[in-house]
Structure formats: C-alpha cells, structure tokens
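Down below is the structure, laid out as structure tokens.
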Amino acid sequence: MAESIRVGLDLGGTKLEGIALDRNGVELARRRVPTPRGDYAATVEAVAALAEELERESRRGEPSGPPEATVGVGMPGVISPATGLVKNANSTWLIGRPFAADLATRLGREVRCANDANCFALSEAVDGAAAGARTVFGVIVGTGTGGGIVVDGRVLIGANAIAGEWGHNPLPWPREGEWPGPPCYCGRTGCIETFLSGPALERDYAAAGGDPIDAVAIAVRAASGDARAEQCLQRYDDRTARALASIVNVLDPDVIVLGGGMSNLDRLYANVPALWPPYVFSDAVTTRLVKARHGDSSGVRGAAWLWD
C-alpha cells in the first residue's frame, strides 16, 4: 500500500480539501482548511503543507523510507499550455501565476494539476457513477456551469486546456425570449451558464413573477403543486436537454454525470433524456444521464486519481 498512496487536493475559493487514497480508492486520511484568499504565496504554502500532512498521516506505523506519495490538485481555472501560468480562474489571485511549477518546487516533486470539473469527471469515471464507461462527460451545475471529459480513464485536456467548457457556449435552439439572452460575466450573452446555474434558475423564477427564493425552495414548491414553480422547472428541464443534446452530438459520450447543487433535482434524470431525442442527430440515444456517486467528494478524489 505504501508505494501506491495518492494525495488529492481540491483548491476552492474558500476552502482547501485534501484526501489520501490507497491503490483501491480506500480513504486513508482527509483534511479541510480555509483557503488563504487573495494571497498567492500563502495559497501555495497551504496546499503543500496539507499534502505533506496527509502523506504523514497515511503512513503512520509503516517502515521508514517508502516512496513519496503522488500529489494531484484540482483547481479553479487551468494551467495554460502556452505559458505555464494559471488562466480562467475565479480565484483571481492565481491568474498569471506559475502555480504548478511553484508547488512542485515547494514539495520537491512533480505535481499534476487539472481543472476542478475535470477532476470531478475523472472521479466519477474511475469509481463513481460512470465506472466502466469509455467516454464520460462530467457536468458541475451549481453557482456556475463547468464540464470535463474523460476517455478511457484519462482526462481530455485539449490543445488549449479548455476541453469540456460547455458553459460558455450559447444555449442551442433558443426559444422565444431566450435570445440574445442574459449577460454573462465572460462578456457575452446567452451562455448556457446564464440559463442552467442555480442563480439562473432563481432569476427565471423571479422574472416569471415569483418571489426571490433559492433553487431548493423552487423545487419544493413545484413538488407541492405550485404552477409557477413547476413551469419554471419545466423550462429548466428543456434547456438542460437542449444544452446536453449539443454535447451528445459532438462527443457522443456513454454517460453524462451531473454534479453540483442543481444535480439534486431528481426530476432531471427522467425528464431530460425524455426531452433530448429531437435534438440529437441519431435514430436512438443510448447515452445515460446519472447523478454523481461521490457528491462533493468527487473533485478531491479525482485529483488523487490524476496519477492513475
């Protein structure tokens, strides 16, 4: 077991979570600490220190001198293949910094970094809801909308390190009132994220005359027979079906896994596959839509599996 310890870290905007797994994916240790927001040097140090702590804890009672644990990090944004610097991160203090190189120097070993959505997809493809599937599209739908692609157990990064970033494509086959669509922080309008994120659902409900409540409350009202809430969720079902149909047409995955807060809308797993066939360029659609098995732990587990 000693030579197979994998340390994974999930670097979030407010928290830093770490896990140590053995070769079979059994959890050996887990820790969570606050992220040093706005402080790049402190963030590098916090990630390195947590990795070392997890490794020490998972090796207790073992003979001295085993091989070093592997370290993988799931992070906001990506490492640019062109510059080696962080880009596209909502944790803005990382942008333009050589995070992977600095962390490797601090730890004295190679590290692997990937976008947090890629880590989510990898976790679910390795031993989660999509285990055994050849091609997996992982979707995180919460305060934002991200995605990752795994093929044959490997994350597909892409030439520009943006494979799977479907949330900033326009919502396909727009209906009346959906175009040009809401403004997005990326500077464009009508992005999928502006329709499918949790805040987007809340805005849609309010725009239809509802009071300002969160997505969970909207779902509760719909389940209790509230017509306005039900119509709002029907629009959400339809928009999700169109958005994912465009992925099926391009990638043709075996499985699409949903994670993030909006994945808790259980109605999606029946309604969306029933709605997407007219938009998929095929006589039949065998792609499965499933809920993440590991939930909030998928990101940190996927970071550990970056070395598999």
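The residue list Val257, Val155, Ala245 was ranked by how far each Cα lies along the charge dipole of the chain toward its positive end, using unit charges on Cβ atoms, and Val155 comes out on top.
Ranked by the mean number of other Cβ atoms within 10 Å of their residues, highest first, the peptides 72-78, 238-244, 166-172 fall in the order 72-78, 238-244, 166-172. Here the label points at Thr83 and Tyr269, each 7 Å from Cα along the C-beta direction, are separated by 4.2 nm in the simple model.
Nearest 10 degrees, 0 to 90: what angle lies between the long axis of helix 227-251 and the longest principal axis of the chain (Cα atoms)? Tilt relative to the chain: about 60 degrees.
For the pair Arg37 and Arg288, the difference between a 0.36 nm per residue extended length and the Cα-Cα distance amounts to 86.5 nm.
We did not get these values from a lab; they are worked out from the coordinates using the rules stated. Being a predicted model, the structure only gives us computed values, none of them experimental. Neighbour counts are summed over all protein chains in view; Cβ atoms, including those assigned to glycine, are modelled from backbone coordinates with ideal geometry.
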